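Just so it is clear, none of the values below were taken in a lab; they were calculated from the coordinates. Nothing here was measured: the structure is a model prediction, and the numbers come from that model. When we count neighbours, we look across all protein chains shown, and the Cβ atoms used for this are built from the backbone with ideal geometry, even at glycine.
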Amino acid sequence: MREPHPVDEKQLGTDLEKVLVSEEQIRTRLAEMAADIDRDYEGRDVLLVGVLKGAVMVMADLARAIPSHVEMDWMAVSSYGSGTSSSGVVRILKDLDTDITGRHVLIVEDIIDTGLTLSWLVANLVSRAPASVNICTLLRKPDALKMTVVVKYVGFDIPNEFVVGYGLDYGERYRNLRSIGTLAPHVYS
Ligand code: PRP
């Protein structure tokens, strides 16, 4: 397959510095993760919980790669103060529609950066008495972690660089890129 995709090329030419994870790499890895999830949850109904907005792309592609029944629900969270990553104090903007008591919950994320969001979210969901809570994330930055977060499914460990694309934004832009990459310095200035 031709890389990068034309949609990305348009922005690659100006705003993206380099591609860290290509569209093809994302597709291949998500298929592997979906197979792992399907095997691990065999015989159990899993509720995929996506964390808006970044997880939209991962959820859409991961869910379609799982050959068994899954349900999907969504949460939107935000921090008090300047940023989720810095404060770790989270408030719920949109809660689940689903009662997760006794359910097998798999949180679907685009990225774990400091781990503060996920560590709060896991504690919040565990308090609702589900049968299990696990995490699936496409990206993780090991060098940025401030909290220990047990993650069952990780797509890629990446360097501690600011990345956009495939759900990840800079000022709400670039979420629609098919690959994941770093922004050129001129974008910030
Ligand atoms: C991103 C990402 C995670 C969180 C990870 O969301 O989707 O939820 O940050 O950061 P942490 O590990 O440092 O807590 P963001 O707050 O950017 O919102 P968005 O998904 O709407 O872009």
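Count Lys and Arg as plus one, Asp and Glu as minus one, and take only other residues whose Cβ is under 15 Å from that of residue 129; the net charge is then +1. Computed over the chain with a Gaussian network model linking Cα atoms closer than 10 Å, the most mobile of 109, 24, 172 is 172. Which residue fluctuates the most in the chain, going by a Gaussian network model with Cα springs under 10 Å, if the choices are 57, 147, 72? Comparing 57, 147, 72 in the GNM, the peak value goes to 147. Checking every one of the trypsin sites (Lys or Arg not before Pro) in segment 100-166 against DSSP loop status and a limit of 16 other Cβ atoms within 10 Å picks out 128, 146, 152. Gaussian network model of the chain, Cα springs within a sub-10 Å range: biggest mean-square fluctuation belongs to which of 44, 175, 29? Checking each option, the largest mean-square fluctuation is seen for 44. Listed values for segment 102-108 are Karplus-derived 3J(HN,Hα) couplings in whole Hz (6.51 cos²θ - 1.76 cosθ + 1.60, θ = phi - 60°), namely x, 8, 8, 9, 10, 6, 10, and x replaces Gly and Pro. Once backbone amide H atoms are built at 1.01 Å from N, residue 46 has 71 as its partners under 5 Å, excluding neighbours fewer than 5 places away on the same chain. Taking amide H as placed 1.01 Å from N in the peptide plane, residue 152 has its amide H under 5 Å from the amide H of 135, each at least 5 places away in sequence or on another chain. Karplus-based coupling profile of segment 179-187, in residue order and whole Hz: 10, 10, x, 9, 7, 5, x, 5, 5, with θ = phi - 60° in 6.51 cos²θ - 1.76 cosθ + 1.60 and x standing for Gly or Pro.
From its DSSP helices (H runs of at least four residues, each -39,500 (n - 2.57)), the chain gives a residue-normalised ellipticity at 222 nm of -8000 deg cm²/dmol. Place a label point 7 angstrom from the Cα of residue 64 along the Cα-to-Cβ direction, then list the residues of segment 28-53 whose backbone nitrogen is under 17 Å away. Under 17 Å, as judged by backbone N against the label point of residue 64, lie 28-35 of segment 28-53.
Here the Karplus relation 6.51 cos²θ - 1.76 cosθ + 1.60, evaluated at θ = phi - 60°, turns the backbone of segment 159-169 into coupling constants of x, 7, 10, 6, 10, 10, x, 6, x, 8, 10 Hz, with x for every Gly and Pro. With a Förster radius of 35 Å applied to the C-beta separation of residue 35 and residue 95, the computed FRET efficiency comes to 0.70.
Rounded to the nearest 20 debye, the dipole size of the chain about its Cα centre is 280 debye, using +1 on the Cβ of Lys and Arg and -1 on the Cβ of Asp and Glu. With 22 Å as the limit on Cα-Cα distance, the pairs of 94/141; 18/146; 53/141 that go past it are 94/141; 18/146. Name the shape class, rounded, prolate or oblate, that the alpha-carbon gyration tensor gives for segment 15-84, where a ≥ b ≥ c are the square roots of its eigenvalues, rounded holds for a/c under 1.5, and otherwise prolate holds if a/b is larger than b/c and oblate otherwise. Oblate is the answer for segment 15-84, as a/c is 1.5 or above yet b/c matches or exceeds a/b. Taking every C-alpha pair closer than 8 Å and separated by at least 6 residues, the mean separation divided by the residue count of segment 121-167 gives a relative contact order of 34 percent.
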